[in-house]
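K.L.:
This structure is in structure tokens; I'll ask about it shortly.
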Amino acid sequence: MTAKVGQKAPDFEMPAYYQGDFTTVKLSDYAGKWLLLFFYPGDFTFV
Amino acid sequence: MSAVADKYDQLQKLGVEVISVSVDSKFVHKMWNDKELSKMVEGGIPFHMATDAAGKVGSEYGVYDEAAGIELRGRFIIDPDGVLQTMEVLPPPVGRSMEETIRQIQAVQHVRATEGKEATPASWIPGKITLTPGPELVGKVCDVWKP
């Protein structure tokens, strides 16, 4: 699947760090909400 | 990262959740948050910092650079139906504008609120005139809107 404006965003499930805890994020958890998803080259770089 | 965190309150007011993604592990995310970001952002990063170790998610979003093994600076706004509304990809040395990100969120939210009846012209910000596409607007944009 490829990301295209106007179509369903590609699904994902990723491990995550969130305020002291290790969690999992899934696109389906954000159904009914707006989501800003942003990628960056690497930790300890500017965004 | 801290630029997004700085605008987190505003994003929350707009009803927007945030996830950041890089190829770094969750352990490195924690280290970056604890050692550096928490000095720039009070309380540390307020949103989920996700790990895309093999670039699988980045590949589907068209932002994974296989040769370098990193993600490009991709930014995606996804609506409550899971539909991708806007996308922007910048090269690693170029930082993005949170003002522009927020402007785009406000624009797609406005279009959604009008059920697609109104469109936002170039550089639109809330309060500025919108356009209502239809036969009567053809050839008349110049009467109602100036760049």
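The values are calculated or read from the model by the stated rules, or taken from the named source; none is laboratory data. Given the structure is predicted, the values throughout are model-derived calculations rather than measurements. Positions of Cβ are backbone-derived with ideal geometry, glycine not excepted, and every protein chain shown enters the neighbour counts. When the accessible area is computed, the model is the full protein with side chains, heavy atoms only, and any ligands, DNA or RNA have been set aside. Shrake-Rupley method; radii C 1.70, N 1.55, O 1.52, S 1.80 Å.
K.L.:
Out of all the residues in the stretch B:63-113, which are of a type outside the set (A, V, I, L, M, F, W, C) and over 25 Å from B:Ile125 (Cβ atoms)?
P.N.:
Selection gives B:Tyr64, B:Asp65, B:Glu66, B:Gly69, B:Glu71, B:Gly82, B:Pro91, B:Pro92, B:Pro93.
K.L.:
Would you mind telling me which numbered condition in (1) out of contact with any Ser or Thr (no Cβ under 8 Å at 6 or more places or on another chain); (2) surrounded by 14 or more Cβ atoms within 10 Å (Cβ to Cβ) A:Ala31 fails?
P.N.:
Every condition holds for A:Ala31 apart from (2).
K.L.:
Restricting to helices (runs of 4 or more DSSP H) lying wholly in the stretch B:1-109: which have 1 or more residues that are at pLDDT 95 or above, within 7 Å of chain A (Cβ to nearest Cβ) and closer than 21 Å to A:Tyr18 by Cβ? Even if it seems obvious, please write down each step before you answer.
P.N.:
Details: elements: B:2-6, B:8-13, B:26-32, B:56-60.
Correct list: B:8-13, B:26-32, B:56-60.
K.L.:
Follow-up question, since we're still on this one. Quick test of your reading of the structure: A:Phe44 fulfils all but one of (1) facing chain B (nearest Cβ under 7 Å); (2) in contact with a Leu (Cβ under 8 Å, 6 or more places away or on another chain); (3) not in a strand (DSSP E or B). Name the failing condition by number.
P.N.:
All conditions pass for A:Phe44, except number (2).
K.L.:
Among the residues of the stretch B:123-138, is there at least one that is in contact with a strand residue (DSSP E or B) (Cβ under 7 Å, 6 or more places away or on another chain), open to solvent by 40 Å² or more (accessible area, probe 1.4 Å) and over 30 Å from B:Met1 (Cβ atoms)?
P.N.:
First pass over the stretch B:123-138, keeping only residues in contact with a strand residue (DSSP E or B) (Cβ under 7 Å, 6 or more places away or on another chain): B:130-131, B:133, B:137.
Now drop any that are not open to solvent by 40 Å² or more (accessible area, probe 1.4 Å), which leaves B:133.
From what is left, the residues that are over 30 Å from B:Met1 (Cβ atoms) are B:133.
Yes, that holds for at least one residue.
K.L.:
Here's a follow-up. Applying the selection to the stretch A:6-28, what residues are in a strand (DSSP E or B) and open to solvent by 20 Å² or more (accessible area, probe 1.4 Å)?
P.N.:
First pass over the stretch A:6-28, keeping only residues in a strand (DSSP E or B): A:8, A:13-18, A:21-26.
Of everything in the stretch A:6-28, those that are in a strand (DSSP E or B) and open to solvent by 20 Å² or more (accessible area, probe 1.4 Å) turn out to be A:Lys8, A:Glu13, A:Pro15, A:Tyr18, A:Asp21, A:Phe22, A:Thr23, A:Thr24, A:Lys26.
K.L.:
Looking at (1) on the phi < 0 side of the Ramachandran plot; (2) in contact with a helix residue (DSSP H, G or I) (Cβ under 8 Å, 6 or more places away or on another chain), which is the only condition A:Phe44 fails?
P.N.:
Going through (1) on the phi < 0 side of the Ramachandran plot; (2) in contact with a helix residue (DSSP H, G or I) (Cβ under 8 Å, 6 or more places away or on another chain) one by one, A:Phe44 breaks only (1).
K.L.:
Let me ask another. Going through the stretch B:1-39 one residue at a time, which ones are exposed (fewer than 14 other Cβ atoms within 10 Å of the Cβ) and among the basic types (Lys, Arg)?
P.N.:
B:Lys13, B:Lys35, B:Lys39
K.L.:
Exactly one of these conditions fails for B:Ser20: (1) touching a residue at least 40 places away in the same chain (Cβ under 8 Å); (2) within 22 Å of the chain's Cα centre (by Cα). Give me its number.
P.N.:
Evaluating B:Ser20 over (1) touching a residue at least 40 places away in the same chain (Cβ under 8 Å); (2) within 22 Å of the chain's Cα centre (by Cα) leaves (1) as the failure.
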